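Q: Shown below is the structure under consideration.
Computed from the coordinates by the stated procedures, all read-outs in this text should not be read as laboratory data. None of the values given here were measured: they were computed from a predicted structure. Methodologically, a virtual Cβ is constructed for each residue, glycine included, from the backbone with ideal geometry; neighbour enumeration extends over all protein chains shown.
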Amino acid sequence: MNYDHIVVRYGELALKGKNRKYFEMQLKDTVKRKLKPFPKVTVTKTRDRILVELNGEEYKPIIEKLQEVFGIHALSLALKAENEIEAIKKAALKAFEELEPNPKTFKVSAKRSYKSFPINSQELNHHIGGYILSHTDNITVDVHHPDVEVKVEVKDDGTYISCLTFPGPGGLPVGVGGKAMLMLSGGIDSPVAGYLTMRRGVRIEAIHFHSPPFTSERAKQKVVDLMQELTRFGGRMKLHIVPFTAIQKTIKDKVPASYSMTIMRRMMLRISERLAIKQNALAIANGENLGQVASQTIHSMYTINEVTNVPIIRPLITMDKIEIMEIARNIGTYDISIRPYEDCCTIFLPSAPKTKPKRDRANYYEQLIENIDELIDEAIENIEVLYFDEAKKEQDQEFNDLF
Ligand code: ATP
Ligand code: MG
C-alpha cells in the first residue's frame, strides 16, 4: 500500500463565513477523538482541509470511522510528494497503479494553490497525463466520463495525489448547532431521529420514560444499547431515565381511556421541556411521523404540542417507514430496536385511542389530576442519569466523575 494520507474535505462548512473557525475546530477535535484507537496516526489542520497522516496504519478502518463524523463531505486517499515535477509524476503513477480493478480511462485534474510552483494546472495535467500514458498499457484519457480522476493538489507543504475518494456522511459537526433533548424510546424511529438531528450539528442528551415493573430491565437495556450505538456519531452523551410509573397509574385512574394516550404524551413533553431548560437545551427532538399510529395524526400533534413552546425537531415527520428502517439499518440501531420489549405506552393504553383529540378536552381531563405538578416534580427529582462514550462500553464511577 502506497497511500500515506487521507485528505478530509468538508464542503458545506466553507460556506459558513464567520463561524468557520469554530466549525473547523469542532471537526478536528471529533476526527482526533475518532482516531484515538490508531495511535500512529496524526491529524493536522491546514487552511482548507484536515490531513490525516497514516504512518503505516491500514486505511480502511480509518475511513470507516471517519464516515461517522458529521461535517465530512468526502475522504480522499492520497499520496504525498515533494513539490517537484518528477516526484509528482512518479507518485501519480504509483497511486494510479494501486487501483483495483485496473481502469480503462482516466483524466488528471491538477490544482495549484501554491503559486510559486513554476508549472500551472493546465501544464501539470499534460505532464502527468503523458507520464501515466507512457508507463501503462491499454489506457486512454477521457475528460468527460473517466473511470478514474487523478486529483493532484499542489499545496505549500507538498503535493497530494489521490485516485480514490469515499463519501463522507455530510451534515455539520456535532456541537456547532446547540443542544436538543432527544425523546428516546426503544423503538426504531427515535434513534434515527437522534442521528438525523446530530447530522445537522445539534448535540443531544436523551430522555427515556421508564415504567417499572410494567416495563422491564430488558426494555431499559435496549435504550442503553441504542445510546451506545449513537455515541459513534455523538461522542459523549447523557441519558436521563425518568421514572414514569406513578404518572401512568394516575392517568389510568383519572382519565378516560380514549384520552390516556394524549395526556401521557403531554406529560412526557412537559417533563422533557423542564429537563431541556435545566440542561440548557433549546429544543426537543423525537421520532414522530405523520400518520403512522393514532398518537401521530396532525390533530393529535396539535393537542399534544399545546403544553410547550420549546421547538420540537421531528426529523422523520414526512418519511415513509421503509426509509426510516433503511437508515436504522445503516446506522446500526435496527437490530437493537427490533428486540421484543414492552413499551410503556402499550401497556397502559387502550387499543383504540382517539385519533382526533381536542385541546379543551385534554385540558379538562388534566384538571382531574389534582397533583399534576407534584407528579412532574417527583419524576424529575428521581431521574437516573447514565453516561456514554464511544470508547467506553461499560459505565463505571471513575468515568462518570469525568462529567
Ligand atoms: P419509536 O419507534 O421511536 O418508538 P413510534 O413509532 O413507536 O416511535 P410513538 O410510540 O407514537 O411512535 O412515539 C413517538 C415518539 O415519542 C417516539 O419516537 C419517541 O421520540 C417518543 N417516545 C415514545 N415513548 C417514549 C419513551 N418511553 N421514552 C422517551 N420517548 C418516548
Ligand atoms: Mg415506540
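Q: Which of His145, His240 comes first, and how do the rest follow, when ranked by fewest Cβ neighbours within 10 Å?
A: Fewest-to-most ranking of His145, His240: His145, His240.
Q: For Arg361 and Lys278, what does the FRET efficiency come to when R0 = 30 Å and r is the distance between their Cβ atoms, rounded to the nearest 0.05?
A: 0.50
Q: Quick one: what do you get for the chain if you divide its Cα Rg by 2.2 N^0.38 Å?
A: 1.23
Q: A further question on this structure: List every residue whose amide H lies under 5 Å from the amide H of Ala285, counting only residues 5 or more places away in sequence or on a different chain, with H placed 1.01 Å from N in the peptide plane.
A: Residues meeting the criterion, in which the H sits 1.01 Å from N, are Met181, Leu182, Met183, Ile313.
Q: Now for a different question. Give a residue-ordered list of calculated ³J(HN,Hα) values for segment 120-131 (Karplus: 6.51 cos²θ - 1.76 cosθ + 1.60, θ = phi - 60°; whole Hz; x for Gly, Pro).
A: So the Karplus estimates, Gly and Pro as x, are 7, 4, 4, 5, 4, 3, 5, 4, 6, x, x, 5 Hz.
Q: Right, another one. For a quick check, take a GNM of the chain with Cα springs below 10 Å and name the residue from Phe38, Phe233, Phe70 with the largest mean-square fluctuation.
A: Taking springs between Cα atoms under 10 Å, the residue moving most is Phe38.
Q: Work out the FRET efficiency for Val143 and Ser351 from their Cβ-Cβ distance, taking R0 = 56 Å, and round it to the nearest 0.05. Don't skip to the answer; put the middle values down first.
A: Working: r = 64 Å, r/R0 = 1.15.
That pair, Val143 with Ser351, gives E of 0.30.
Q: Separate question: Sort all Cα-Cα distances of segment 5-167 into consecutive 10 angstrom bins from zero, then give the percent of pairs in each bin up to the one containing the longest distance.
A: Result, from short to long distances: 10, 37, 34, 17, 2 percent.
Q: Now for a separate question. Show the residues, 5+ positions off or on another chain, whose built amide H is closer than 5 Å to the amide H of Phe166.
A: The list, which skips near neighbours in sequence, is Leu75, Ser76, Leu77.
Q: Only four residue types carry charge here, +1 at the Cβ of Lys and Arg and -1 at the Cβ of Asp and Glu. Report the dipole size of the chain about the Cα centre in Debye, rounded to the nearest 20.
A: Around 940 debye, computed over the chain.
Q: Taking a virtual spin label 7 Å from the Cα of Ala391 along the C-beta vector, which residues in segment 230-266 bring their backbone nitrogen under 16 Å of it?
A: Counting backbone N atoms under 16 Å from the label point, the list is 231-237.
Q: To make sure I understand the rule: partners must be lysines, Cα under 18 Å from the Cα of Lys252, and not fewer than 8 residues away in the same chain. Which ones qualify?
A: Those lysines meeting the cut-off are Lys354.
Q: Right, another one. Run the reach check for Lys89 against lysines, Cα to Cα strictly under 17 Å, same-chain hits fewer than 8 apart removed. What comes back?
A: Hits, sequence-local ones excluded: Lys80, Lys107, Lys111, Lys151, Lys155.
Q: Quick one: work out the % antiparallel among DSSP beta bridges in the chain, nearest 5.
A: Taking every DSSP beta bridge within the chain, about 55 percent pair in antiparallel fashion.
Q: In sequence order, what are the phi-derived ³J(HN,Hα) couplings for segment 165-175 according to the Karplus relation 6.51 cos²θ - 1.76 cosθ + 1.60 with θ = phi - 60°, rounded to whole Hz, with x for glycine and proline?
A: 10, 10, x, x, x, x, x, 10, x, 4, x
Q: Using θ = phi - 60° and the Karplus relation 6.51 cos²θ - 1.76 cosθ + 1.60, list the HN-Hα couplings for segment 30-44 in order, rounded to whole Hz, with x at every Gly or Pro.
A: For segment 30-44, the Karplus curve yields 5, 4, 4, 4, 5, 9, 3, x, 10, x, 6, 6, 10, 10, 10 Hz.
Q: Now a separate question. Okay, helix-only estimate at 222 nm for the chain: each DSSP H run of n ≥ 4 adds -39500 (n - 2.57), divide by all residues, round to 500 deg cm²/dmol; what do you get?
A: -12000 deg cm²/dmol
Q: Under a Cβ-Cβ cut-off of 15 Å, what is the net charge of the residues other than Asp320 that fall near it, where Lys and Arg count +1 and Asp and Glu count -1?
A: So the surrounding residues net to -1.
Q: Quick one: which residues, 5 or more positions from Ser216 or on another chain, have an amide H under 5 Å from its amide H? H modelled 1.01 Å from N in the peptide plane, none for Pro or chain starts.
A: Placed amide hydrogens put Glu342 under 5 Å from Ser216.
Q: Okay, next question. Say we join alpha carbon atoms closer than 10 Å with springs in a Gaussian network model of the chain; which of Leu164, Leu182, Leu172 then has the biggest fluctuation?
A: Looking only at Leu164, Leu182, Leu172, the largest GNM fluctuation is found for Leu164.
Q: Just want to confirm a number: the relative contact order over segment 166-301, from Cα pairs under 8 angstrom separated by 6+ residues, in percent.
A: Relative contact order here is 31 percent.
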